[in-house]
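What follows is a short report on a single structure.
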Amino acid sequence: MKNIEEFADEVISKKNKVITDEVFLLIQNDKVLMHQYLRLVEKHGLDLVNRTIGMLIKKKYGLENDTQRCTNPTSTLIMSHQEFE
């Protein structure tokens, strides 16, 4: 049986793998955020906006890249994203 710390580490690890997708889903499903996102995409381009959001997620949460990428995200705003440990 796992101890509490091992269990929490497992749960947090699973969350880290989908956090980028969840952030983009939050944008996608919020009318105000989606409007702001589209304005940023219009001004800076899709690739730069999405890459910057991904890098900021990593930085804000202090995450490290996992060896895998998600190539089938739920959000329609991205085609893939880096998974984090």
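The values are calculated or read from the model by the stated rules, or taken from the named source; none is laboratory data. Note that the structure is predicted; figures quoted are calculated from it, not measured. Virtual Cβ from ideal backbone geometry, glycine too; neighbours counted across all protein chains shown. These accessible areas exclude ligands, DNA and RNA; they are computed on the full protein's heavy atoms, side chains included. Shrake-Rupley method; radii C 1.70, N 1.55, O 1.52, S 1.80 Å.
Can you give the local net charge around T74? Use residues other than it whose beta-carbon is closer than 9 angstrom to its beta-carbon, Lys and Arg +1, Asp and Glu -1. Charge balance in the 9 Å sphere: -2.
Here the peptides 1-10, 34-43 are ranked by packing, the mean other Cβ count within 10 Å, and the order with the highest first is 34-43, 1-10. Heavy atoms of the protein chains alone define the surface here; on that basis the stretch 26-85 has 77 Å² accessible area per residue at 1.4 Å probe size. Computed on protein heavy atoms with a 1.4 Å probe, the accessible areas place I12, I19 in the order I12, I19, largest first. In the chain, the portion of solvent-accessible area held by carbon and sulfur atoms comes to 58 percent [1.4 Å probe, whole percent, DNA, RNA and ligands not counted].
Each residue was assigned an accessible area with a 1.4 Å probe, and for T20 the value is about 10 Å². Semi-axis lengths, largest first, of the ellipsoid equivalent to the stretch 1-53 are 33, 12, 6 Å, with √(5λ) applied to each eigenvalue of the Cα gyration tensor. Candidates I19, I53, I4 compared by Cα position along the dipole of the chain: farthest toward the positive end lies I53, with charges placed on Cβ. Pairs of Lys residues in the chain are counted when their Cα atoms are under 20 angstrom apart and they lie 8 or more places apart or on different chains; the count is 12.
The distance between label points at N72 and E22 comes to 2.1 nm (points 7 Å beyond Cα on the Cα→Cβ vector). Only Lys, Arg, Asp and Glu count, each charged at its Cβ (+1, +1, -1, -1), so figure out the dipole size of the stretch 26-85 about its Cα centre, rounded to 20 debye. For this selection, approximately 260 debye.
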